[in-house]
1. So which of 242/361; 186/212; 212/312; 144/165; 348/451; 144/402 end up more than 31 Å apart by C-alpha?
2. Could you order the peptides 158-167, 370-379, 199-208, 325-334 from most to least packed, using the average number of other C-beta atoms within 10 Å per residue?
3. If you take the square roots of the eigenvalues of the alpha-carbon gyration tensor of region 52-109 and sort them as a ≥ b ≥ c, do you get rounded (a/c under 1.5), prolate (a/b over b/c) or oblate?
4. Average the reciprocal distances over every distinct pair of alpha-carbons in region 149-200, invert the result, and give the Kirkwood radius in Å.
5. Can you compute the FRET efficiency between residue 32 and residue 402 using 1/(1 + (r/R0)^6), with r the Cβ-Cβ distance and R0 = 51 Å? Round to the nearest 0.05.
6. Within 10 Å, count the other beta carbons around each residue, average over each peptide in 270-283, 413-426, 83-96, and list them highest first.
7. What do you get for Rg/Rh of region 33-137 when both radii come from the Cα atoms and Rh is the Kirkwood radius?
Amino acid sequence: MNFLSRTGSVGIVRCALAFLLAGCAANQPYHLGEAPTETAVTPAGDATAKDIYRLGFIEFDEQGDFWDRDQLRKTVQAIRDTGRGILLVTYIHGWQNNSNSTDAADVGQFRSLLARLTADQTVQMSGLQVFGVYLGWRGRVVHKVNPVVDALTWVGKQASFYSRKNAATRISSSTPITEAIFTLIKTARRDTPGNSRCVVIGHSFGALVLEKALAQALVGTLLYEEPFAPGVEKSRADRVFKPADLILLVNSAAESIYAKELIDMYRDTTPLRGGPHVIMISSDADTATGLAFPIGTKLSNAPKLLSGSFRKYHEDGRDTSQFNYFTQTPGHNDSVQSHRLVPVAKGKSDLGADPFDLNLKNRAGSYENVTLYTGTRYDWTQWRIERQGPNQTNYWVLRVPKQIIPGHGPIFEGESRDLMAALFRLATKPEAAERSVPVRVRASAEGPVQKTEQRLQRVEATGETVVTPVQPSASDTHPPEH
């Protein structure tokens with residue numbers, strides 16, 4: 001009886017372990033061998049597809065190396081094969097996400113952003129081909145399985161904070177991530193006809209990866225200048241080179257020391273109160289970076305504090321401990337803030353267009369007291385980006401209320417997506433690339449590739465435009481292999 005009880009207990013334990021381990025996300029890629037996919041977009045109220053966007057995946061392992069450099073090569077070739085200038089949107093996801101769409105909503109939400117850009121009239125008129133690149137890493141250690149397993153693995157998922165932060169730091173310090181970002185930008189700018197536009201977005205630990213991966217490159221590009229030609233005068237602004245049209249960091253889960261160091265450099269090397277090179281958005285409602293991050297980093301930095309490793313900074317007539325910069329994210333550190341989004345008006349009249357599309361029609365290149373809309377065309381809020389805080393540089397730290405981003409994420413939905421459209425317009429001019437091009441669904445230069453479709457539909461009751469997939473991609477319908 002005792003023997004049977006013991007063996008029965010062992011069996012139960014084994015079953016429980018197998019049950020839990022079924023949710024463990026292995027250190028593995030999800031898109032090996034894939035060429036960038038093509039997705040047709042049907043605008044709201046129109047029965048025909050107006051254009052396509054392409055989406056490629058480049059994945060990195062736990063140590064920051066490429067899983068397969070061929071992913072970069074195929075993506076570069078697909079950019080060259082577009083036959084026209086492109087709007088390149090490169091995205092690095094954060095904690096609790098990866099490149100497997102069954103685990104988290106990030107892939108689908110990124111697709112919805114690309115679809116909205118593809119259908120937008122300003123982008124359509126520019127002739128730019130929307131091209132998204134999803135840079136994936138193991139930000140999630142537990143797969144979604146079912147509600148029971150997900151509940152049992154919740155603690156393990158939350159406890160992955162330190163391991164995922166360490167992984168993000170390793171990846172940010174590796175050569176491949178920086179190589180991938182700059183190779184994509186170089187290809188878009190040099191190897192496609194027309195005047196391409198390049199946007200790079202990082203979220204959460206992905207913002208940490210992006211900020212650290214680009215930091216040294218930013219220093220090099222800002223401080224390097226070509227020799228002056230005799231008799232030619234150049235202003236300080238003429239010597240400033242932007243590595244991308246817009247670098248967007250959303251709810252960054254990075255220590256604010258990195259932002260402080262870059263802000264100090266920008267203060268000394270670029271004109272103050274100029275157009276932004278980097279925009280960091282942080283939500284007041286983001287408890288992950290505003291509350292959990294300080295708790296976790298204070299525990300890990302306590303020994304250094306007790307040993308006297310942190311110095312004092314003398315700022316604005318007061319002393320600030322360096323410890324604060326290592327235990328607060330930039331969006332929750334008043335010392336680096338530059339802007340705040342403040343409400344101006346509310347209304348229920350017809351704006352004439354969705355806020356996303358309307359924001360892309362703002363006066364291009366305007367960056368002081370910019371106004372924008374969020375919500376729907378029939379129920380909207382108008383906002384203004386106001387300068388608030390001691391930071392007066394091209395490295396913006398913008399605080400936004402919970403109405404824009406209700407927490408740590410998602411970041412590509414509703415009001416936050418509307419804000420991104422305004423920030424993109426603020427930083428670049430898509431219509432400057434305008435030229436006569438045939439806008440149609442084209443065949444792939446690489447031969448047959450997976451083709452999908454997304455449809456924009458307007459909800460009559462609310463006036464909101466939603467994006468719905470008509471057919472999921474092949475990679476999204478098959479569960480990952482273990």
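Since every read-out is calculated from the coordinates, none of them should be taken as a lab result. This structure is a prediction, so every number in the text was calculated from the model and none was measured. With ideal geometry, Cβ positions are generated from the backbone for all residues, glycine too; neighbour counts draw on all protein chains shown.
1. Over 31 Å apart, Cα to Cα: 348/451.
2. Numbers: 158-167: 16.2, 370-379: 20.2, 199-208: 28.0, 325-334: 22.6.
Result, highest mean Cβ count within 10 Å first: 199-208, 325-334, 370-379, 158-167.
3. Details: a/c = 2.58, a/b = 1.40, b/c = 1.85.
Because a/c hits 1.5 or more and a/b fails to exceed b/c, region 52-109 counts as oblate.
4. This gives a value of 14.0 Å.
5. Step by step, r from the Cβ atoms, then E = 0.85.
6. 83-96, 413-426, 270-283
7. 0.99
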